[in-house]
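Novice: Okay, handing you the structure first.
The values are calculated or read from the model by the stated rules, or taken from the named source; none is laboratory data. Bear in mind that the values here come from a model prediction, so they are computed numbers and not experimental data. Positions of Cβ are generated from backbone atoms using ideal geometry, with glycine treated the same way; all protein chains shown enter the neighbour counts.
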Amino acid sequence: MDIQDTNTTVSGAALPQVGHTRNPGMALDMDWVKSVQANTSAIERRAKTLPGRRSVKKAYQAAWLLKAITMIDLTTLSGDDTAGRVRRLCAKAAHPVRPDLLDALGMGPITTGAVCVYHDMVETAVNALEGTAIPVAAVSTGFPAGLSPLHLRIEEIRESVKAGAAEIDIVISRRHVLSGNWKALYDEMAAFREACGEAHVKAILATGELGTLRNVARASYVCMMAGADFIKTSTGKEPVNATLPVSLTMIRAIRDYHARTGYRVGYKPAGGISKAKDALVYLSLIKEELGPHWLSPEMFRFGASSLLGDIERQLEHHVTGQYSASYRHAMG
């Protein structure tokens, strides 16, 4: 089915998985985990074909890019973050596209999917987004390495939730995956999920540090069994972040988990996705592998910052026929 056949209705962001039952997790099924394999050569061949398989142009492309904006977790995770920078980012999240471009496209207001910050900036972001439906996501559990003591990582989650974070992006202990200690990974993830309470949890696998696609697949299953609402590729701090082979591996794990349990888990590629054309490839991959239900901010997010600027630039080209300078699409 051609990508143009799908529903391209664009709406504002919402909290994850509002429209269906949240993944409650399940008991760790080691037989299932150990049966999981990954045919690396086949996955890489399939991924290599993806950029050329689907092409959308003109109004269809504009519609898909507008949809992509509603699925961006607009992110700042720098050591020099300030309250002023976070407030500007929040203003951009609430108004991600210039009003004149939206008017020309016949669109009403849209927002990004969330704003993602360190714990220290959660309260600032919550206050800046007051009156909007945009949730604040906090990276947690000793991000990005995840090597602080477990009780401190759990307490960090609780503090972020108390400060107003509606979503928590946790990082797993990579050593559990690399040593095959799946029970330890399951227990850790279950503890993180419990600490989140009503806040939704995205499990960052840091796939660039897991060694093999089989490890990526098995870690995906274990985190979903432990109650993850989303599985996410990367912190954005690893040498290798989101890639199409990794995404295909994780997406097929999500599809299998849904087929077996009936529960839907979201997906978030993060790190290195900075071009509008890349966003279109990921959206087509989601549609083909998981179906239209996952093409919503409830089930799919991009972890990105510079991606929004390039999308807005492409939208201006669609409206005017000319490419503008990047400074016309600043984050704040």
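Novice: Go through the stretch 29-59 residue by residue and tally those that are assigned to a helix (DSSP H, G or I), modelled with pLDDT of 90 or more and either in contact with a Leu (Cβ under 9 Å, 6 or more places away or on another chain) or acidic (Asp, Glu) (or both).
Specialist: Residues in the stretch 29-59 being assigned to a helix (DSSP H, G or I), modelled with pLDDT of 90 or more and either in contact with a Leu (Cβ under 9 Å, 6 or more places away or on another chain) or acidic (Asp, Glu) (or both): 8 in total.
Novice: Considering ALA145, ALA138, ALA83, which residue is within 20 Å of the chain's Cα centre (by Cα) and either surrounded by fewer than 20 Cβ atoms within 10 Å (Cβ to Cβ) or in contact (Cβ under 8 Å) with a residue 60 or more places away in the chain (or both)?
Specialist: Within the list ALA145, ALA138, ALA83, the selection yields ALA145.
Novice: Right, next: Residue by residue through the stretch 256-275, note down the ones that are within 29 Å of ASP310 (Cβ to Cβ) and either in contact with a Leu (Cβ under 6 Å, 6 or more places away or on another chain) or of a type in the set (Ser, Thr, Tyr) (or both).
Specialist: The answer is TYR267, ILE273, SER274.
Novice: Would you mention how many residues in the stretch 204-233 are in a helix (DSSP H, G or I) and over 16 Å from ARG264 (Cα atoms)?
Specialist: Number of matching residues: 10.
Novice: Looking only at the stretch 179-217, how many residues end up being basic (Lys, Arg) and either farther than 23 Å from ALA114 by Cβ or modelled with pLDDT under 95 (or both)?
Specialist: Number satisfying all stated conditions: 2.
Novice: Moving to a separate point now. Which one is nearest to the chain's Cα centre (by Cα), of the residues in the stretch 168-210 that are of a type in the set (Phe, Trp, Tyr) and farther than 15 Å from GLU156 by Cα?
Specialist: The selected residue is TYR186.
Novice: Still on this model: Condition first: over 27 Å from ARG158 (Cα atoms), free of Cβ contacts under 8 Å to residues at least 12 places away in the same chain and not in a helix (DSSP H, G or I). Can you find one or more residues in the stretch 234-242 that meet it?
Specialist: no
Novice: Quick check: anything in the stretch 152-162 in a loop (DSSP other than H, G, I, E, B) and within 20 Å of ARG85 (Cβ to Cβ)?
Specialist: Looking through the stretch 152-162, none of the residues is in a loop (DSSP other than H, G, I, E, B) and within 20 Å of ARG85 (Cβ to Cβ).
Novice: Hey, among ILE251, ILE273, which residue is on the phi < 0 side of the Ramachandran plot and either of a type in the set (Asp, Glu) or not in a loop (DSSP other than H, G, I, E, B) (or both)?
Specialist: Criteria check complete, one pass: ILE251.
Novice: Right, another one. Across the stretch 256-312, what is the number of residues that are among the acidic types (Asp, Glu) and closer than 26 Å to ALA226 by Cα?
Specialist: 3
Novice: Could you please let me know if ARG98 is more than 18 Å from the chain's Cα centre (by Cα), at pLDDT below 95 and not small (Gly, Ala, Ser)?
Specialist: Answer is yes for this residue.
Novice: In the stretch 297-331, which residue that is part of a loop (DSSP other than H, G, I, E, B) and either closer than 30 Å to ILE254 by Cβ or within 22 Å of the chain's Cα centre (by Cα) (or both) is modelled with the lowest pLDDT?
Specialist: MET331
Novice: A further question follows. Within the stretch 94-134, can you find the residues that are touching an Asp or Glu at 6+ places or on another chain (Cβ under 9 Å) and under 16 Å from MET71 (Cβ atoms)?
Specialist: Passing the criteria: PRO96, VAL97, THR112, GLY113, ALA114, VAL115, CYS116.
Novice: Looking at (1) assigned to a loop (DSSP other than H, G, I, E, B); (2) closer than 18 Å to ASP73 by Cβ; (3) at pLDDT 95 or above; (4) of a type outside the set (Gly, Ala, Ser), which one does ARG264 not meet, given that it meets all the others?
Specialist: (2) is the only condition that ARG264 fails.
Novice: Just the residues that are surrounded by fewer than 24 Cβ atoms within 10 Å (Cβ to Cβ), in contact with a strand residue (DSSP E or B) (Cβ under 6 Å, 6 or more places away or on another chain) and within 10 Å of CYS90 (Cβ to Cβ), please, taken from the stretch 109-133.
Specialist: If the condition is that a residue be surrounded by fewer than 24 Cβ atoms within 10 Å (Cβ to Cβ), in contact with a strand residue (DSSP E or B) (Cβ under 6 Å, 6 or more places away or on another chain) and within 10 Å of CYS90 (Cβ to Cβ), then VAL126 is the only one that fits.
Novice: Right, something else. Among the residues of the stretch 94-101, are any in contact (Cβ under 8 Å) with a residue 60 or more places away in the chain, closer than 23 Å to LYS268 by Cα and in a helix (DSSP H, G or I)?
Specialist: No, the stretch 94-101 has no match at all.
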